[in-house]
Amino acid sequence: MNHTYDAAVLGAGIAGSSLAKSLADQGWDTVLIDRQLFPRHKVCGEFLSPESQHTLNALGLLNTVKSLQPSLISKIRLIFSRGDILEIPLPGHAIGVSRYLLDSTLHSEVIRSGASLQTATTVTSVYPNEDGYRIEMKQEGLPIQVQVRTVIAAWGANRRSGILGSTQISSVNHLHTGVKSHYSGIDIEPVVELYLFPGGYMGISPIEGGLVNVAALLTQESFGKTEKTILGMIDAAARRNPKLYQKLAQATPVPGTQVAVAPVDLHRRPLAWDVIPHVGDAALMIPPLCGDGMSIALRSARLCSTLADRYLRRDISLARWQYEYTRSIHREFKSPMRWGRLLQWLFGLPIVPQLLPRLGHLAPGLAFELVRATRLKET
């Protein structure tokens, strides 16, 4: 064995990075591992909701994120394919910041906390043993083994079942493709604009440096057999909403920021624990339409960190950790997940884009309450 750690976190996204920092801050010898090189662009709305800032503060990250000079966002604007517009105020300022910058910054905080960061490192297997787990991995083609007391999965939505014998399989129906690109030349207010059209939706959100993030979730049934390039898919989607097409007409894509992910399964069941604890998208994913995915990632990391600390101190057993963490995931996220999936389904009905703007103007508080129903509650 090359080294023995208290904890290993597999996946260096938002959930994994904030969890690794939190564990290191509590004095645990922690290693954060990811098979990708960073910094890199990821498909993401790049929107930290007002609710996420409470958790960022609890994790000691809020001032760091604010120092990145992100965009501040005060409301959501829904633009339907027939041209109707519905504006919804946010209960505070949201933050627009690119994952390229945010992930890199979080990794610096991980290292500053005393944890070890190993990117471009592929975990090939995790074996339970009497001292915890033995992790086998490859870095630049060379085999590495480490012994850890506990392992936590933060590897995102595509579950890596071969490592630990996980058995849950994603459904094969209702799959989506996510695409994203940064653009310059778009004049945008401190607003997230969400354009809806048959076959999906596209969000335009200001980020740092005067750029905007354009991210779309498209049904594979509608777009899977048409355009093959990311910019081609964005253009094809924009043509389904005249105001969106006009918005992007004079915009210039930033080279190297185009990314896609597929398949995106919005119907997979939450999985807080499968041999090891899961955080972030590895545990659950709220529909991107709700714009609270990063908040959920941060909250799950905070919940897991508290229990992992108690386990490493031998205050609770592994079974108790599993029980309490699974229960807390259900308690914290059941309502936002239910409302998020309901909204995702409603926006897919042809009649809703016609009715919702009228209802929003007749009862302005209704849209605000629907958005709030998809958000996490402060604890």
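The values are calculated or read from the model by the stated rules, or taken from the named source; none is laboratory data. Predicted model, so just to flag it, every value in this text is computed and none were measured. We place every Cβ from the backbone using ideal geometry, glycine too, and count neighbours over all the protein chains shown. These accessible areas exclude ligands, DNA and RNA; they are computed on the full protein's heavy atoms, side chains included. Shrake-Rupley method; radii C 1.70, N 1.55, O 1.52, S 1.80 Å.
Here are a few things to note about the model shown:
- Alpha-carbon Debye profile of the range 1-90, log10 I(q)/I(0) at 0.20, 0.22 Å⁻¹: -1.10, -1.21
- Backbone phi angles across the range 316-321, fed through the Karplus curve with coefficients 6.51, -1.76 and 1.60 (θ = phi - 60°), yield HN-Hα couplings of 9, 7, 4, 5, 5, 4 Hz in residue order; Gly and Pro are listed as x.
- Per residue, in Å², the accessible surface of the range 186-340 once ligands and nucleic acids are set aside, probe 1.4 Å: 43
- Karplus-derived 3J(HN,Hα), 6.51/-1.76/1.60, for each residue of the range 19-29, Hz, glycine and proline x: 5, 4, 4, 4, 5, 5, 4, 8, x, 8, 6
- At q = 0.11, 0.16, 0.21 Å⁻¹ the log10 of I(q)/I(0) for the range 224-337 amounts to -0.55, -0.83, -1.12, computed by Debye summation with a single uniform scatterer per C-alpha, solvent ignored.
- In this structure the range 1-156 gives 40 Å² per residue of accessible area when probed at 1.4 Å with all protein chains present.
- Note, ³J(HN,Hα) from phi for the range 37-48, Karplus 6.51, -1.76, 1.60, rounded to Hz, x at Gly and Pro: 8, 10, x, 8, 7, 9, 5, 6, x, 6, 9, 9
- Each residue, E221 and R310, gets one label point 7 Å from its Cα in the Cβ direction; the gap between the two is 4.4 nm.
- Length gained on full extension, S184 to N63, computed as 0.36 nm times the residue gap minus the Cα-Cα distance: 40.9 nm.
- Where labels lie 7 Å past Cα in the beta-carbon direction, separation of T4 and R320 in nm: 2.4
- Length-normalised contact order for the range 59-121 - Cα pairs under 8 Å, 6+ apart - percent: 27
- Of the whole protein surface, R302 contributes about 70 Å² of accessible area at a 1.4 Å probe radius.
- Model label points for K138 and E87, set 7 angstrom from Cα along the Cα-to-Cβ axis, are 5.5 nm apart.
- As a fraction of the 1.4 Å probe accessible area of the range 47-147, surface on carbon and sulfur atoms comes out at 47 percent.
- Short-range pairs are left out: with C-alpha atoms under 8 Å and at least six residues apart, the relative contact order of the range 216-341 is 19 percent.
- In this structure the amide hydrogen of S125, modeled in the peptide plane, comes within under 5 Å of the amide hydrogens of E136, none closer than 5 places in sequence on its chain.
- Under 5 Å from the amide H of S116 lie the amide H atoms of T30, V31, L32, each residue being 5 or more positions distant or on a separate chain, with H modelled from the backbone and absent for Pro and chain starts.
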